[in-house]
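Encoded as structure tokens, the structure appears first; notes follow it.
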Amino acid sequence: MDRVPILKIGPTLFVSIQIDLQDESVILLQEDLADELAATGARGVIIDITAVEIVDSFIGRMLTMIGSISRLFDAETVIVGMRPAVAITLTELGLSMGGVRTALNAEKGLEILNGKT
Amino acid sequence: MDVDGTRGRMADYLRDHQDKVVGRWSELVVAGGRGRTSVEEVRRELGGLFTLIVRVLSEADEHADGELQAALDELSRGRARDGFTPSETALGVFSLKEAVYELVADSAEMVPEFLALSRMIDDLGLSTFEAYSAAREQIISDQVTTMMELSTPVVRLWEGIIAVPLVGTLDSARTQLVMEKLLDTLVATGADHAVIDITGVATVDTEVAQHLLKTVSAARLLGAECTISGIRPQVAQTIVSLGIDFGDIATKATLADALALALRQAGLKVVQA
Amino acid sequence: MDELPIKSGDDVVRVRQQVRTVAAKNGLSLVDQTKLVTAASELARNTLVHGGGGVARVEVVKSLNGRTGGKLHFTDEGPGIADVDLALTDGWTTGGGLGLGLSGTRRLVDEFELNSKPGAGTSVVVVKWSR
């Protein structure tokens, strides 16, 4: 089972999701993130999906759930690097990704977390 | 199909008089071509068709029908590309009847055979019309695609601010194209603000509004904020009376107003030099 | 035509990969590939979660005017859908959660056919054409 590594840099947790993750891996990621947030008191989470080619409703739900879990730990989540084809498909599917911020890349994601936007 | 052998007999007749018939046929086609084709070209083309027609009439093999149809389609497409009207092409096919008639006019016993040939040629002539239509449809479809591509520019207004001036109609095909170009440009420029200008969109109804909302949703997934500009007074009234709600998307009357808003949001100010 | 069993999460991943391969090989644009594979993922998951497992068939088809397309067929012998019209309305789902139902998936493809009866399983056929 591939576990997605979580990096901590300052007050921010970084997660980079690679292509075609197993469903179980995404669920594990939720658990691992919850553990990390509790343990470190991190204030922000950046989830980089630059390499993700397909986001279906299941993955989309998981991502918004991560957003909700983070908020319970008073942390904000930003999803960065969504591919145009994925964004267009999600919009067509009607998945709104409400509850999580989005940004073009990790740099802009950090700007959001640091309150610049 | 050839119950009394008339088609077979016509096939034999044609074979025996091949040179004369093809020659006369070519003359008639060139005469109707108003100087746009050469005799050699036409003779070659028609010679091929002639052979296929004879094969079909003699029912020698089952591939002949398919090959004849294919050759005719090829001829029709070529003529259409060269600017011939479908009537000109069809008349060219029909003139084979005339060429044969000139030869059999004096012999009364070839009447049933000629009738069989005539019926067949009528069908062939009509099929050239079908092929012409299909070819034109394809050309129009390709042109529409090109036009859509060309009329959907995405321009950079300022550092981090891009604009999409929409002109004409906004149907679902166009919306797909707009979304793709807009999002690709967001990634390429790293912009975080997009202004969608609809001054040039003739009618804004519920469907168009939905397309705009979709486009804004997609851009937001890439972290970009959007403003819709170019709301004309009549359009504003239509939008309200249709009950369309743009929610939390900012809308402005002009592109200039939208640019000012985007600059403000970016923390920029324009001052006198 | 490829026939793939859907009995586990791994199978859903395999279906996605197969559909992506077929879509890419047959001239679908990147966005269209993404839409078709996403639709496949949705339908494969439905087959697994609501249908108790089933089969996916992936094939290439040709239209009358020469375009190629990807055709996907998902079947299961599960409980079936009682009200098909309701299932195709926006925002409907069974089994809890915030599912989007089949209406969203339908918007991703060019042709969509759903056949289902309670107790008689479900069959979904979708086609996406190259442009």
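None of the figures in this text is laboratory data; all of them are computed from the coordinates on show. Since this is a predicted model, take the numbers as computed values, not measurements. Every residue, glycine among them, receives a Cβ derived from its backbone with ideal geometry; neighbour counts consider all protein chains shown.
Which entries of C:7/C:71; B:181/C:71; C:35/C:128; C:7/C:128; B:214/C:128; C:7/C:117 show an alpha-carbon separation above 18 angstrom in the structure shown?
C:7/C:71; B:181/C:71; C:7/C:128; B:214/C:128; C:7/C:117
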* To do: For the stretch A:71-81, take each phi angle, set θ = phi - 60°, evaluate the Karplus expression 6.51 cos²θ - 1.76 cosθ + 1.60, and give the result in whole Hz per residue in order, putting x for glycine and proline.
  => 4, 4, 9, 6, 10, 9, 10, 10, 9, 10, x
* Partner chain coverage, peptide A:106-114 - average Cβ within 10 angstrom -> 1
* To the nearest 0.05, what FRET efficiency results for residue B:146 and residue C:30 with a Förster distance of 22 Å applied to their C-beta separation? -> 0.65
* At q = 0.21, 0.34 Å⁻¹, what log₁₀ I(q)/I(0) does a Debye calculation on the Cα points of the stretch C:38-81 give, no solvent, two decimals? -> -0.68, -1.15
* **Rule-of-thumb Rg ratio for the stretch B:155-265 [Cα; 2.2 N^0.38 Å; N residues]** => 0.98
* Nearest-0.05 FRET efficiency for residue C:67 and residue B:44, computed from C-beta distance (R0 25 Å) -> 0.15
* Structure fact -> Of the convex hull drawn through the C-alpha atoms of chain A, the volume per residue in Å³ is 91
* Asked: Once you average over the residues of A:48-54, how many Cβ atoms of partner chains fall within 10 Å of each Cβ?
  -> 3
* To do: Starting from the eigenvalues of the Cα gyration tensor, five times each then square-rooted, give me the equivalent ellipsoid semi-axes of the protein assembly as shown, largest first, whole Å.
  => 61, 31, 19
* Can you give the helix-only mean residue ellipticity at 222 nm for the protein assembly as shown, where every DSSP H stretch with n ≥ 4 adds -39500 (n - 2.57) and the sum goes over all residues, rounded to the nearest 500 deg cm²/dmol? -> -17500 deg cm²/dmol
* Structure fact -> Per residue, the convex hull enclosing the Cα atoms of chain B spans a volume in Å³ of 226
* Which whole-number percent is the relative contact order of the stretch B:123-273 (Cα, under 8 Å, 6+ apart)? -> 20
* Asked: Hey, with R₀ at 56 Å, roughly what FRET efficiency would residue B:270 and residue C:57 work out to, going by the Cβ-Cβ distance, to 0.05?
  -> 0.40
* Structure fact -> Per GNM of chain A with C-alpha springs under 10 angstrom, the most fluctuating residue out of A:28, A:72, A:93 is A:93
* May I ask which residue of B:216, B:271, B:153 lies farthest towards the positive end of the charge dipole of chain B, with charges of +1 (Lys, Arg) and -1 (Asp, Glu) on Cβ and the Cα centre as origin? => B:271
* Structure fact -> Computed over the stretch C:2-129, the relative contact order (Cα-Cα under 8 Å, seq sep at least six) in percent reads 25
* Asked: If you average 1/r over every pair of different alpha-carbon atoms in the stretch B:234-273 and take one over that average, what Kirkwood value in Å do you get?
  -> 12.2
* Structure fact -> Across 10 Å bins beginning at 0, the whole-percent shares of Cα-Cα pair distances in the stretch B:208-271 come to 19, 49, 26, 6, 0
* Asked: Relative contact order of chain B: what whole-number percent is it, with Cα pairs under 8 angstrom and at least 6 residues apart?
  -> 13
* So what is the diffusion coefficient of chain C in µm² per second by Stokes-Einstein at 20 °C and 1.002 mPa s, using a Kirkwood Rh over Cα pairs? -> 146
* D_trans [Stokes-Einstein, Kirkwood Rh over alpha-carbon pairs] for the stretch B:95-202, 10 °C, 1.306 mPa s, µm² s⁻¹ -> 85
* **Packing-based exposure ordering (other Cβ within 10 Å, fewest first) of C:31, A:26** => A:26, C:31
* **D_trans [Stokes-Einstein, Kirkwood Rh over alpha-carbon pairs] for the stretch B:6-144, 25 °C, 0.890 mPa s, µm² s⁻¹** => 159
